[in-house]
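First up is the structure itself, then whatever we jot down about it.
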Amino acid sequence: MPIAKSKKSAAKASPKTDSSAQQDSALLEFFTDEIKDIYWAEKHLTKALPKMKKAAASKALADALGEHLEVTITHVARLEQVFELLGKKAQAKKCDAMEGISKEGEGIIEDTEKGTATRDVGIILASQKVEHYEIATYGGLAQLAKTLGLSKISELLTKTLNEEKEADKTLTAIAENDINYDAATEEA
Ligand SMILES: [Fe+2]
Ligand SMILES: [Fe+2]
């Protein structure tokens, strides 16, 4: 097969494929795919958070969700910066996990009564599942970026990671300070 052979050697001779880039290419490809996944998730959250906020009875909870929506918009922009640093076009790839978690949140809203602390407890629980998913993802990806020698990208992902942790703490505080107690005294 002389034609195939010559194609192969032409590919080998292609410019700018230093040995380290070649070594990293499978991992870098995996990393980029995971960035596409969390990009989809963050974009999805910019649509899901307003619904959660609207469904919340407690002002503290609604405010926290509204604030996290603003933060989430910056997470989307930060991921666009990551794509730019990777020299790739920003592209979203459907994240089944985030779709599932947010569907669960919608189910909680449907199954609970409007204006109740019980619904707020459910919204907090669903929101914390979202935050924990993001914390796991950003924690892993920031570390992976470091391994790949992508320090600027790792820095950006760590910034987002810390904001997700902050959001999680805020939700815990809101639950502990009033909502859980109110819900416990609510009639069925
Ligand atoms: Fe986020
Ligand atoms: Fe978040």
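Key figures
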item	result
Per residue convex hull volume, Cα atoms of the stretch 64-110, in Å³	81 Å³
Between 0 and 90°, nearest 10: helix 59-86 axis offset from the chain longest Cα axis	0 degrees
By accessible area with a 1.4 Å probe, ligands and nucleic acids excluded, highest first: order of F30, F83	F30, F83
11 Å beta-carbon shell around Y138, net charge (K/R +1, D/E -1)	-3
Principal semi-axes in Å for the chain [√(5λ), Cα gyration tensor, largest first]	43, 16, 12
Cα Rg over Rh - the stretch 122-165, Kirkwood	1.11
Mean separation of Cα contacts under 8 Å, 6 or more apart, over the residue count of the chain: relative contact order %	24 percent
Overall form of the stretch 95-139 per C-alpha gyration tensor (a/c, 1.5; a/b vs b/c)	oblate
Loop-located GluC sites (Glu not before Pro) in the stretch 101-138, at most 15 other Cβ atoms within 10 Å (DSSP)	E113
E163, E187, reordered so the largest accessible area comes first (probe 1.4 Å)	E187, E163
Trypsin sites (Lys or Arg not before Pro) restricted to DSSP loop in the stretch 95-157 with at most 16 other C-beta within 10 Å	K114
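The values are calculated or read from the model by the stated rules, or taken from the named source; none is laboratory data. Nothing here was measured: the structure is a model prediction, and the numbers come from that model. Cβ sites come from the backbone with ideal geometry, for glycine too, and all protein chains shown count toward neighbours. The accessibility values were calculated without ligands, DNA or RNA, using every heavy atom of the protein model including side chains. Shrake-Rupley method; radii C 1.70, N 1.55, O 1.52, S 1.80 Å.
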